[in-house]
Structure formats: structure tokens, C-alpha cells
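The values are calculated or read from the model by the stated rules, or taken from the named source; none is laboratory data. Bear in mind the structure is a predicted one, so any value in this text is a computation, not a measurement. No Cβ is skipped: glycine too gets one built from the backbone with ideal geometry, and neighbour counts run over all protein chains shown. Ligands, DNA and RNA are excluded from the accessible area calculation, which covers all protein heavy atoms including side chains. Shrake-Rupley method; radii C 1.70, N 1.55, O 1.52, S 1.80 Å.
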Amino acid sequence: MNTVLQKQPLSRSERKKQKTRADLLNTAYRLMSKDGVDETTIAEISELSDVAFGTFYNYFKNKDEIAACVLDCVIKDLGERLADATKHLRATDPAAAQAISMRIVLREMITSPMWRSWLKKTDLLVERMTVGFYDHAKRNTLLAIQAGNYDLDEKDVDTAHSQHTWMMVGGVKSILDNQVIGINEKNVVEGVLCSKGLPLERARELTALPLPKIPPLQIDFSYP
């Protein structure tokens, strides 16, 4: 006889732990969004979450760990909102959907104090972006390949995604540090698109498209 395994409901103590962890992440996000990661302290996070300072360490080893978890939550939410904002393009012009998505991500990285703090930890940021944006980026890339937009073999999509994430993070650092005269978000996206095999003229057309309004934040702090 076949049996269907059902997920057991959480106990009261488990629900309380889940809520406390989500509250800590939510508070950390709000503080880091305003002040940046470096300026945010565990004491502030604990106090504003109404959690004892020592209790914090029952959930996270240190500030770096909670910052990484906040980053995962933010990336997941942004990826979902980008998918919703560009769904009208995926069937007709997936390369345009990808260009717009990348520009919005870059703009977020450039303007947010929290993202600018994460840029100081380049390896961590690239790792989490590579994982967090994987599904969204791979779907758009495969659709663009199938539409004949990119000169890229499907078996190389995963490698290209990792390389392009490095290009985006490096591009933002160049913009913020004024390392290259005249560089901007459009230049960076054009470079990524061309590395996928899109002609430069077409890449410039796509980076000139108006950015759509994306849905409001709905960050799930119970993730991961």
C-alpha cells in the first residue's frame, strides 16, 4: 500500500523559534538597509527584536552569518520580483528580460547601503548571487539561446552564469570606486550581453529600454 508522507505541523516551541529567527532577520535587514552591514551591531539587532543578547547566538554564530542570511532573503525576493516584472517579455524577447533584470540588480547594488557593504565581501556576494539568481538567470538565458539571441551553447550556461555574476559585481565596484572613466550600469550590462554572443548594437538597444516598475518588497524572512 502506498502511503503519502505529510509534513508534520510544527510544535509551539518550533513555531516560536521560527518566529524569533525571522524577527532577527527582519530587524537586521532594516538596520543594514539604513546604516550598512558594518555599522549594524548584534546588540542593536537583539534590542530591536526584543531578544536577549545571548539568545541571538542560539540562532546565528555571528554578525557575518546573519548578514549572509539577510542577503539570501533579499536576493530571493528580488529574483521573484524581477521574474514578475519581466514575465511579459520572456515569451517574446527573453534577452530584453535579462537586460532589464540585470540593470535593476545593478541599480540596487549601487544605491543601497546594504549592498555596498556586501561589495566589500566580494567572494561572499558573488557566491550568494550566483546561487540566488540562478533559476531566474538560467531560464532567461536558455530562452534567449532557443530564440537565437545568444551565441552560447546550452551546456555552458552554468559556467557563463558564474562568470557573468563576477562581471556584474566587478562592474559595480568599478562604478562606485571610479576605477573606469564613464562606466555606468548600461556599459556593464552591455558587456555581459555581448559575452553571451549578442551583437553590440543589439545590446545597446536593450540597455536603452525603459525599466518597468517592479512589485513592492515581500521578503520572506523564514527563508532559508
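The rows are residues; the columns are (1) surrounded by fewer than 15 Cβ atoms within 10 Å (Cβ to Cβ); (2) farther than 20 Å from Met167 by Cα.
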{"position": "Asn62", "(1), (2)": "yes, yes"}
{"position": "Leu78", "(1), (2)": "no, no"}
{"position": "Thr86", "(1), (2)": "no, yes"}
{"position": "Ala95", "(1), (2)": "no, no"}
{"position": "Ile100", "(1), (2)": "no, no"}
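Of all residues assigned to region 130-140, at least one qualifies as being open to solvent by less than 60 Å² (accessible area, probe 1.4 Å), closer than 19 Å to Leu82 by Cβ, assigned to a helix (DSSP H, G or I) and β-branched (Val, Ile, Thr).
For residues that are of a type in the set (Ser, Thr, Tyr) and either farther than 20 Å from Asp93 by Cα or touching a strand residue (DSSP E or B) at 6+ places or on another chain (Cβ under 9 Å) (or both), scanning just region 159-199, find the one that is surrounded by the most Cβ atoms within 10 Å (Cβ to Cβ).
The first filter runs over region 159-199 and keeps only residues of a type in the set (Ser, Thr, Tyr), leaving 159, 162, 165, 174, 195.
Okay, now just the ones that are also either farther than 20 Å from Asp93 by Cα or touching a strand residue (DSSP E or B) at 6+ places or on another chain (Cβ under 9 Å) (or both), so 159, 162, 165, 174.
Values: Thr159: 11, Ser162: 14, Thr165: 23, Ser174: 15.
Selected residue: Thr165.
Among the residues examined, Val126 qualifies as in a helix (DSSP H, G or I), at pLDDT 95 or above, in contact with a Phe, Trp or Tyr (Cβ under 7 Å, 6 or more places away or on another chain) and closer than 26 Å to Ile175 by Cα.
Count of region 200-222 residues, restricted to those that are hydrophobic (A, V, I, L, M, F, W, C), touching a Lys or Arg at 6+ places or on another chain (Cβ under 7 Å) and crowded, with 16+ Cβ neighbours inside 10 Å, is 1. Residues in region 173-196 that are assigned to a loop (DSSP other than H, G, I, E, B) and either among the hydroxyl-bearing types (Ser, Thr, Tyr) or at pLDDT 95 or above (or both): Lys196 alone.
If you take just the helices (runs of 4 or more DSSP H) that sit entirely in region 1-76, which of them hold at least 3 residues that are within 26 Å of Met109 (Cα to Cα)? Passing ranges, in order: 12-35, 42-48.
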